[in-house]
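What follows is calculated from the coordinates using simple rules that are stated; it is not laboratory data. Owing to the predicted nature of the structure, the values given are computational and were not obtained by experimental measurement. FYI the Cβ positions are ideal-geometry reconstructions off the backbone, even for glycines, and counts take in every protein chain you see.
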Amino acid sequence: MNKIPLFSLQGIDYKCYNGNSLIVKKFDIHKGIIYGVSGKPGSGKSVLLNLLAGNIKPNKGSIEYNGKQFSLLSKKDYNNQFAVVSQTFKVPYFKTVKDYFIKYFSKFNHIDNAQKRMELICRKMDITDSILNLKMKHLSTGQLRWITLAAGIGADTKVLLIDEIEQHLPPEQLNILLKILHKKCNYDGVTMVISTQKIENLKKVGSIFVNFDQGKITSVRSPNKRSGRRPIRNNNKDRKSSRNIKKAKTNN
């Protein structure tokens, strides 16, 4: 892990509209890692992602990005380094999917050719020409979700935030998405924070799992971390071994 974390949250206290609070004493997010954030609805997952996305500001505490105050990051730098896939999406009803992709990719300084970037992500995510020519308002909820995910992934930003990754996706499509995200992190070094109601959805790709409950982090763990339990003994095997030892002693 890098010495300077990409994000560093210190003493965060955010009052939600429903009266609940998100409290994070200290939490660091490092570069090039997929963080899976789990918890029940209302546990604080989406609030965390909104804080990281800069959509809301904490009532108390500080958020640092690359060692500097997150609030000091310019809008231009933010737009070039962050891609956010929220649960809600304001549909540009009269635009086609192709128009949406071109406009979205064109806002990033590091993307020289929005058309080529669109073609690349469409191949990866199996988005056909017939879908590209549809107006956004004619897409199903599942199709719309897939398009917004494709836009976020195709933007090739340093940070990718996805809220409720399983939303509107069948299991097969979710598995395809997870493989794409895993490659994106491994080959391009993209830092991802992904929320889910079921942590099982991210076990194949997540590097760090964070669980929230009632606005607080209850656990942070790695899937490769050992549980610390002692191995279960095979009692029958042990009994046979002890009997053989006794026989050997008797014969001697």
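Descriptive notes on the structure:
- Radius 12 Å from Cβ of residue 182, net charge of other residues (Lys, Arg +1; Asp, Glu -1): +4
- The range 75-116 and the range 5-70: distance between their alpha carbon centers, rounded to Å: 24
- For the residue pairs 26/76; 15/184; 45/116; 76/116, the C-alpha atoms sit more than 30 angstrom apart in 15/184; 45/116.
- Listed residue pairs exceeding 18 Å between alpha carbons, taken from 57/103; 103/158; 60/198; 25/57; 40/216; 179/203: 57/103; 103/158; 60/198
- Shape category assigned to the range 1-131 from the gyration tensor of Cα positions, a/c cut at 1.5: prolate
- GNM result for the chain, Cα springs below 10 Å: residue of 178, 72, 144 fluctuating most strongly: 72
- Label point 7 Å beyond Cα of residue 182 along Cβ direction - residues of the range 105-142 with amide nitrogen under 17 Å: 125
- Acute angle (nearest 10 degrees) that the helix 97-106 long axis makes with the longest principal axis of the chain, alpha-carbon atoms: 80
- Given charges at beta-carbon only (K, R positive; D, E negative), |dipole| of the chain in Debye: 1700
- Summed residue charge, Cβ within 9 Å of residue 7's Cβ, Lys/Arg positive, Asp/Glu negative: -2
- Across the chain, the fraction of Cα-Cα pairs farther apart than 30 Å, rounded to a whole number, is 36%.
- In terms of the mean number of neighbouring beta-carbon atoms within 10 Å, the peptides 189-195, 81-87, 102-108 order highest first as 189-195, 81-87, 102-108.
- Sorted ascending by nearby beta carbons within 10 Å, beginning with the fewest, 202, 169 become 169, 202.
- Ordering 26, 216 by the number of other Cβ atoms within 10 Å of each residue's own Cβ, fewest first, gives 26, 216.
- With both residues required to sit in the chain, DSSP beta bridges show an antiparallel share near 55%.
- Two-site FRET efficiency, residue 128 against residue 94, from Cβ-Cβ distance with R₀ of 35 Å, rounded to 0.05: 0.95
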